[in-house]
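The values are calculated or read from the model by the stated rules, or taken from the named source; none is laboratory data. In this text the structure is predicted, and so the values were computed from the model without any measurement. Cβ coordinates were reconstructed from backbone atoms using ideal geometry, including for glycine residues, and neighbour counts include every protein chain displayed. Just the protein is used for accessible areas: all its heavy atoms, side chains included, with ligands, DNA and RNA removed. Shrake-Rupley method; radii C 1.70, N 1.55, O 1.52, S 1.80 Å.
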Amino acid sequence: MKTQLVKIEEERINPGAIEKAGEIIKAGGLVAFPTETVYGLGGDALNPASSKKIYAAKGRPSDNPLIVHIAEMEDLSRIVRRIPEAACRLARWYWPGPLTMIFEKADCIPRETTGGLETVAVRMPSNRIARALIRAAGGYIAAPSANRSGRPSPTVARYVIEDLDGRVDMIIDGGEAQIGLESTIIDLTEDTPVILRPGYITEEALKEVLESVDTDAALMESGTDKPPKAPGMKYRHYAPKGNLTIVEGQPGQVIEYINEQIRKHKKAGRKTGVIATDETAGSYYADSIKNAGQRQDEAQIASCIFRILREFDDEGIEVIYAEGFDSQGLGCAIMNRLLKAAGHQVIRLPEEDEIKD
Ligand code: AMP
Ligand code: MG
């Protein structure tokens, strides 16, 4: 398949190009497009054949459901059985934006889109190109992240092209995704809403709108008996080609430990990389040192984490160490993605007074 590449600026959207992309989706084709979270791989959510094509293009297991993207609040009632009061409140605060809500699905949503589930995930993105495309495509676009299954989610069109050129009809290059991490997913089909995937909208932010919120217990751990409630969370994900390990502990110890490992790997002829922060980036000896920004600036760290993982691949880095981050607030989403990218390979260094005891 020949993939058309189209550049569109969010501030100056070319209606002709959007029209053309919308026609492709209405005819059952696939278009990759920018959103504020990451790039999406879009097809008609109401067409089972389109959803099948999405799974095939990504190489994604077909039990991993797709998120349906809408552009207007009025369009929600057609695809869900009921809209709980909590959903109305959340939509008022966080839509359009990086929040996905799970509802009981209406009959018009095919099981191919929901991975066989009776529930459907819905999000209203804020990116203007995405919204214009959803309208042009008839109102409902099913879109997972636009990467081959298992790879880091793409935040720029270059990485979409790398993964999907020749596998989709069109790729829209709309610049860099601002948030850089996928949406928060919240399940509203239970009595108490449950966070199934942490994201830019934090638990604290959700609690400002809802009385109580639970978190899926299987999220941050590995090897628990219970499978996560979002089927996609059980797969290894976001993985760079190099072997990634997260190192947690006091900053000085972490630097010392990582440098020691790097020395060994370099001796063995392996190319090494480190994910560091402003505070520590100057202290490492690795071949490639990526500075994710100031440690307190979690939004900045979140926005560049997937790009950094892809850059290591571009540079042929074989062994990667990442400093751990605090799992509060947005740090929860950052650590969730890093842990999955590392296949839960974490070194926890004992505190110095623990060593003395
Ligand atoms: P992605 O589109 O790559 O960001 O992945 C979508 C995520 O949403 C996956 O982790 C899915 O498992 C999750 N998801 C989509 N629909 C549902 C649903 N109906 N119930 C639970 N999780 C869902
Ligand atoms: Mg994904």
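For the chain, the calculated P(r), taken from all Cα-Cα distances in 10 Å bins from zero up to the bin holding the longest distance, is 5, 25, 33, 24, 10, 3, 0, 0 percent. Normalising the average separation of contacting C-alpha pairs (under 8 angstrom, six or more residues apart) by the number of residues puts the relative contact order of the chain at 19 percent. Secondary structure note: in the chain, about 35% of the DSSP beta bridges are antiparallel. Note that segment 1-119, at 25 °C in a medium of 0.890 mPa s, gets a Stokes-Einstein diffusion coefficient of 156 µm²/s from its Kirkwood radius over C-alpha pairs.
Amide H contacts for G40 (H built 1.01 Å from N in the peptide plane; partners 5 or more residues away or on another chain; cut-off under 5 Å): F33, T35, A146. Ranked by the mean number of other Cβ atoms within 10 Å of their residues, highest first, the peptides 304-313, 1-10 fall in the order 304-313, 1-10.
Quick check: the distance between the Cα centres of segment 139-213 and segment 50-105, to the nearest angstrom? Cα centroid of segment 139-213 versus Cα centroid of segment 50-105: 11 Å apart.
Residue ranges 204-210, 43-49 sort as 43-49, 204-210 when ordered by packing (mean number of other C-beta atoms within 10 Å per residue, highest first). Expressed in units of 2.2 N^0.38 Å, where N is the residue count, the Cα radius of gyration of segment 86-129 is 1.28.
Taking the Kirkwood radius as Rh and the Cα radius of gyration as Rg, segment 279-355 has a ratio of Rg/Rh equal to 0.96.
On the basis of the beta-carbon distance and an R0 of 30 Å, K264 and H344 show a calculated FRET efficiency of 0.85.
With all protein chains kept in place, the per residue accessible area of the chain amounts to 43 square angstrom at a probe of 1.4 angstrom. Remark: segment 128-227 carries a charge dipole of roughly 620 debye about the Cα centre, counting +1 on each Lys and Arg Cβ and -1 on each Asp and Glu Cβ. Each listed q (0.25, 0.27 Å⁻¹) maps to a log10 I(q)/I(0) for segment 238-311, found by the Debye formula over equal Cα scatterers with no solvent: -1.34, -1.45. So if I average 1/r over every pair of distinct C-alpha atoms in segment 67-145 and take the inverse, what Kirkwood radius in Å does that give? Kirkwood radius, segment 67-145: 12.6 Å. In a reduced charge model with +1 at each Lys and Arg Cβ and -1 at each Asp and Glu Cβ, segment 1-85 shows a dipole moment near 540 debye about its Cα centre.
Calculated FRET efficiency, A299 and Q253, Cβ-Cβ r, R0 22 Å, to nearest 0.05? The value I calculate is 0.25. When the P(r) of segment 170-311 is calculated, the portion above 18 Å amounts to 68% of the C-alpha pairs.
About its Cα centre, the dipole of segment 302-357 is roughly 400 debye, where the only charges are +1 on Lys and Arg Cβ and -1 on Asp and Glu Cβ. The mean sequence separation of alpha-carbon pairs under 8 Å and at least six residues apart, normalised by the residue count of segment 1-141, gives a relative contact order of 34 percent. Whenever you get a sec, compute what percent of the accessible area on the chain sits on carbon and sulfur atoms (1.4 Å probe). The computed percentage sits at 47. In percent, rounded to a whole number, the relative contact order of segment 272-329 is 40, using alpha-carbon pairs under 8 Å and six or more apart. Against the empirical 2.2 N^0.38 Å (N residues), segment 171-217 has a Cα radius of gyration ratio of 1.42.
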